[in-house]
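Shown next, in structure tokens, is the structure this report addresses.
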Amino acid sequence: MPTVYDLTKEQLGERLTAWGEPPFRAEQVWSQLWKRASTYEDMSDVSPRLRERLAAELPIGVDVLDERTADRGATRKALIRLGGAHVIEVVLMGYRDRVTVCVSSQAGCAMGCTFCATGQMGLRNNLSPGEIAAQVVWARREATKLPASTPRRLGNVVFMGMGEPLANERHVFSAIGKLTDPAGFGMGARHVTVSTVGIVPGIARLAGAHPQVGLAVSFHAASDELRDQLVPPNTRYPLAELEEAIAGWRAATRRRPSIEWALIDHVNDTDEQAELLAPIARRLGAHVNLIPLNPTPGYPVLGSPRARIRRFVAALERARVNVTVRDTRGRNIDAACGQLALSASVR
Ligand code: SAH
Ligand code: SF4
């Protein structure tokens, strides 16, 4: 069992009953684990002996190996060992009006996007549902350490950490179920966003399984020729099919999808790409999120300079596309989008 967060409430109850505990104990431990995001040490109403046994036999399984902060403490990146085995990174971002956690769905990633540090390391492991959920529980606890310039209350979860969520679909859907369970963590599904490289069948299943969860699709190119190079899964799920899947998702959920686009200097920040992107975004009623490419060791090309970003934005706006440029959080601690890869010490 990787972590106690993999257990259902009933399973936890069965374990505690087998240990001779009264029925209310499971309720007590469950609600502290999920609602209060307490660790066993924090559970002052549970006897020290039981706390020890819980920690030994049903571990929380979140070991913070390293933690770095940036943006005056408002961005916190943690290197975490989950379930005693899988090492991943989680990033907590405090803004003026909200706190968002960027979670990992896999240790590494098999999709091979050339510009992405996680892609450059390849896939190590899929995370279990409890290991995914445990990152969010950690973030609820950690949010209390954010500076007073933020709400200090976790509000949003985005699957933009390490890994491709729809390549570990069953576990990701189950984790979302745990996080949105009103008897558990109790997060609103509308505050969860899945970011995908564009795994077409997974997009339709997301709409079926969790219709209130948001969808962000990493495009980065609006022609198959360029997208095949930047995002290898495009050869399997080309743009026309991807667009159809997103349109289906939108019809089923009645929500606005996002298109993610990392601006790469003289690669995908051209007038031609803007002109190809605009009609797709308009047809999908999508919001385009631009972000200057963050530097990674394995990709020599730079992010677009300001003038080229402005030009790209203007081209989209002229075509009446809804567009924003996202700020890059935690760049100097390699915590920004696409920069997550394990530090040398744990490789
Ligand atoms: N695998 C999923 C989610 C994790 S990546 C996906 O690809 O959508 C989260 C986001 O970071 C994606 O939009 C991804 O394309 C983007 N990204 C990857 N490398 C980046 C980089 N070097 N600079 C900026 N964004 C990057
Ligand atoms: Fe994987 Fe997303 Fe990185 Fe592509 S961008 S390699 S899908 S984590």
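When the stretch 132-184 is filtered for residues that are assigned to a helix (DSSP H, G or I) and charged (D, E, K, R), the ones remaining, listed by number, are 140, 141, 142, 145, 169, 170, 178. For the stretch 295-347, filtering for residues that are under 22 Å from the mean Cα position of the chain (by Cα) and either part of a helix (DSSP H, G or I) or farther than 27 Å from residue 69 by Cβ (or both) leaves 5. Scanning the stretch 1-46 for residues that are closer than 27 Å to residue 142 by Cβ and of a type in the set (S, T, N, Q) yields 3, 8, 11, 28, 31, 32, 38, 39, 44. The strands (runs of 3 or more DSSP E) located wholly in the stretch 57-131 that include 1 or more residues which are within 11 Å of ligand 1 (Cβ to nearest atom) occupy 86-94, 99-102, 106-108.
Where residues in the stretch 211-223 are more than 8 Å from ligand 1 (Cβ to nearest atom) and crowded, with 19+ Cβ neighbours inside 10 Å, which of them is farthest from residue 243 (Cα to Cα)?
213
Within the stretch 102-118, residues that are farther than 9 Å from residue 340 by Cβ and more than 8 Å from ligand 2 (Cβ to nearest atom) have Cβ atoms under 6 Å from residues that are basic (Lys, Arg) and outside any loop (DSSP other than H, G, I, E, B) in these pairs: 107/124; 108/124, counting only partners at least 6 apart in sequence or on another chain.
Would you call residue 226 closer than 29 Å to residue 266 by Cβ and either under 18 Å from the mean Cα position of the chain (by Cα) or in a helix (DSSP H, G or I) (or both)?
Details: closer than 29 Å to residue 266 by Cβ: yes; either under 18 Å from the mean Cα position of the chain (by Cα) or in a helix (DSSP H, G or I) (or both): yes.
For residue 226, the condition - closer than 29 Å to residue 266 by Cβ and either under 18 Å from the mean Cα position of the chain (by Cα) or in a helix (DSSP H, G or I) (or both) - is met.
Restricting attention to the stretch 147-170, and to residues there that are crowded, with 22+ Cβ neighbours inside 10 Å and either hydroxyl-bearing (Ser, Thr, Tyr) or over 14 Å from residue 106 (Cβ atoms) (or both), which single residue is nearest to the chain's Cα centre (by Cα)?
So in the stretch 147-170, the residues crowded, with 22+ Cβ neighbours inside 10 Å come out as 154, 157, 159-166, 168.
Imposing the further condition that a residue be either hydroxyl-bearing (Ser, Thr, Tyr) or over 14 Å from residue 106 (Cβ atoms) (or both) reduces the set to 154, 157.
Numbers: 154: 14, 157: 7 Å.
So, considering only residues that are crowded, with 22+ Cβ neighbours inside 10 Å and either hydroxyl-bearing (Ser, Thr, Tyr) or over 14 Å from residue 106 (Cβ atoms) (or both), the one nearest to the chain's Cα centre (by Cα) is 157.
Read the figures in this text as sums done on the coordinates, not as results from a lab. Values in this document were obtained by computation on a predicted structure and should not be read as measured data. Using ideal geometry, Cβ is built from the backbone for each residue, glycine included, and neighbour counts are taken over all protein chains shown.
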